[in-house]
Amino acid sequence: MNKVNNIYCVGRNYAAHAKELQNEVPTSPMLFSKPTHALVEASGQDISLPSNRGSIHFETEIVIRIGKPYEKGIKVEELVDSMAIGIDFTLRVVQSELKKKGHPWLLAKGFPNSALVSKFISFPSIEEMKMIDFSLLKNGETVQQGNIKNMIFDLQTIIDFTALNFGLGEGDLIFTGTPEGVGPVSNKDHLTLLWGNSVLGECFIKLDLIV
Ligand code: ZN
């Protein structure tokens, strides 16, 4: 994997997902970030996640990598050099508690291995992407399937918004939001990340006591 600088994530970018968690559909992109320590590539290995912090949900997302400095007016296809399928792992119980208190989500979203990515492939055109679904298999069964055409905020809007508010440059990743179907992982689950019919990454969940 090429060097990664910032990891941005978009929340609630598919209406059906916002609805399944009883959240309102946002009127402007909702961004948060993860530490680079959260990043891990799924290449067939065991992925360690905390066993003692309540349920951990998978959120399967298209991840884009920024290939050059952002300039106003630049098009997604010129700025983004590659993409992957990722999982934004979320401590769902911790997140609900944080939401209730009005606290930042970092504890629920920023733990080690919470930003899982498959291998990266060259960025196709937006039109091509709309013809290919991304999906997650859990123990061989499809649990999530999505397509960028169902995003509330498209990739262009996301990159412009991110650049304007936080800055955007080479090596930044953006997790672009999850479609519906999020759910929990259990110890020894086998996860497979698919772009159309191609497997871009896989791993096994290993729940460990974090003290
Ligand atoms: Zn997410």
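Keeping to region 81-94, report how many residues are of a type outside the set (Gly, Ala, Ser), out of contact with any Asp or Glu (no Cβ under 9 Å at 6 or more places or on another chain) and open to solvent by 10 Å² or more (accessible area, probe 1.4 Å). The qualifying residues number 3. Pairing each residue of region 166-189 that is farther than 25 Å from residue 75 by Cβ with any residue that is open to solvent by less than 30 Å² (accessible area, probe 1.4 Å) and away from the ligand (no atom under 16 Å from the Cβ), provided the two are 6+ apart or on different chains, yields C-beta distances under 6 Å for 185/205; 189/205. Selection over region 135-184 of residues that are part of a loop (DSSP other than H, G, I, E, B) and of a type in the set (A, V, I, L, M, F, W, C) gives a count of 4.
For (1) within 16 Å of the ligand (Cβ to nearest atom); (2) open to solvent by 30 Å² or more (accessible area, probe 1.4 Å); (3) basic (Lys, Arg), each residue gets a yes or a no:
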position	(1), (2), (3)
118	yes, no, no
128	no, yes, no
154	no, yes, no
157	no, yes, no
163	no, no, no
171	no, no, no
177	yes, no, no
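Any chance region 185-199 includes a residue that's at pLDDT 95 or above, under 13 Å from the mean Cα position of the chain (by Cα), within 24 Å of residue 20 (Cα to Cα) and surrounded by 21 or more Cβ atoms within 10 Å (Cβ to Cβ)? Yes, some residue in region 185-199 is at pLDDT 95 or above, under 13 Å from the mean Cα position of the chain (by Cα), within 24 Å of residue 20 (Cα to Cα) and surrounded by 21 or more Cβ atoms within 10 Å (Cβ to Cβ).
Taking region 95-116 as the range and being open to solvent by 20 Å² or more (accessible area, probe 1.4 Å) and part of a loop (DSSP other than H, G, I, E, B) as the test, the residues that pass are 102, 103, 104, 105, 112, 113.
Residue check, residue 27 against (1) within 17 Å of residue 90 (Cβ to Cβ); (2) open to solvent by 50 Å² or more (accessible area, probe 1.4 Å), all met but one. Which one? Unmet condition: (1). Selection of region 1-43 for residues being more than 14 Å from the ligand (Cβ to nearest atom), closer than 17 Å to residue 116 by Cβ and among the hydroxyl-bearing types (Ser, Thr, Tyr) yields 36, 43. Of all the residues in region 52-71, those that are open to solvent by 60 Å² or more (accessible area, probe 1.4 Å) and either within 16 Å of the ligand (Cβ to nearest atom) or in contact (Cβ under 8 Å) with a residue 60 or more places away in the chain (or both) number 4.
Take residue 94 and decide whether it is within 15 Å of the ligand (Cβ to nearest atom) and of a type outside the set (D, E, K, R). When the stated conditions are applied, residue 94 passes them.
The values are calculated or read from the model by the stated rules, or taken from the named source; none is laboratory data. The shown structure was predicted, so the numbers you read here are calculated from the model rather than taken from an experiment. Note that we place each Cβ from the backbone using ideal geometry, even for glycine, and neighbour counts take in every protein chain shown. Heads up: the accessible areas ignore ligands, DNA and RNA and are worked out on the full protein's heavy atoms, side chains in. Shrake-Rupley method; radii C 1.70, N 1.55, O 1.52, S 1.80 Å.
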